[in-house]
Amino acid sequence: TVLSLKDMMEVAATEKKFEKAGKLRDTLKYISSLNDQQVVSDTSREDTDAIGIALQNGKVQVVVLHERNGRVIDERSFSVAGASDSMGDALSQLIPQLYSSAPEIPDLVVIPEEPEDITILEEWLTQMRGKNVELRAAQRGKKSKLLALAQSNATQKISQQFAKWEAASKNIEE
């Protein structure tokens, strides 16, 4: 099926049906990513959330992976209204919104970079949970792989959003 999708994509491109060719290309990329994807599991059994953030043209896309008992059990993805200049800025605004009404707060929240107010955020999360919570910018090990997956998903999703917005704006102009 992958070969026939490639053929279909090439035919669509030669017939100047670029939108169809683009969708087929995205499908092929997705199938390829499934083949490459490894199951992220962790022997620490530490409850962890990994927050991936993608910033593009002032827009913010967030992906949160929830790991419980060493297995990724859920992914939440959403766009954040308003613009952010930096990753740290976005995290400072996002973490209170994410966890103020969350049913559970994990032992560890892995983030792409440390915001300036990391100590205040950790104290607030610890108070909300009633147990110690650590915010960590993971750079190596299994937690960094979980974070890399969240970051990659956020980047893919923001690219898809921009492609949709572009297509919609072209349709409006026509």
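The values are calculated or read from the model by the stated rules, or taken from the named source; none is laboratory data. Here the structure is a predicted model, which means the values were calculated and not measured. Note that we place each Cβ from the backbone using ideal geometry, even for glycine, and neighbour counts take in every protein chain shown. Remember, those area values only see protein heavy atoms, side chains included, never the ligands or the DNA or RNA. Shrake-Rupley method; radii C 1.70, N 1.55, O 1.52, S 1.80 Å.
Which condition number in (1) assigned to a helix (DSSP H, G or I); (2) modelled with pLDDT of 80 or more; (3) open to solvent by 30 Å² or more (accessible area, probe 1.4 Å); (4) aliphatic (A, V, I, L, M) is the one that ALA168 fails?
Result: ALA168 passes all but (2).
For the range 107-137, which positions are touching a residue at least 60 places away in the same chain (Cβ under 8 Å) and open to solvent by less than 20 Å² (accessible area, probe 1.4 Å)?
LEU108, VAL109, VAL110, ILE111
With the requirement that a residue be modelled with pLDDT under 80 and within 13 Å of GLN156 (Cβ to Cβ), what does the range 37-79 give you?
Passing the criteria: GLN37, GLN56.
Exactly one of (1) closer than 17 Å to ALA54 by Cβ; (2) not in a helix (DSSP H, G or I) is unmet by LEU98. Its number?
Here LEU98 clears every test but (2).
Within the set of pairs 6 or more residues apart or between chains, which connect a residue that is in contact (Cβ under 8 Å) with a residue 24 or more places away in the chain inside the range 46-74 to a residue that is in a loop (DSSP other than H, G, I, E, B) and β-branched (Val, Ile, Thr) with Cβ atoms less than 7 Å apart?
Cβ pairs passing all conditions: ILE51/ILE111; GLY70/THR43; VAL72/VAL40.
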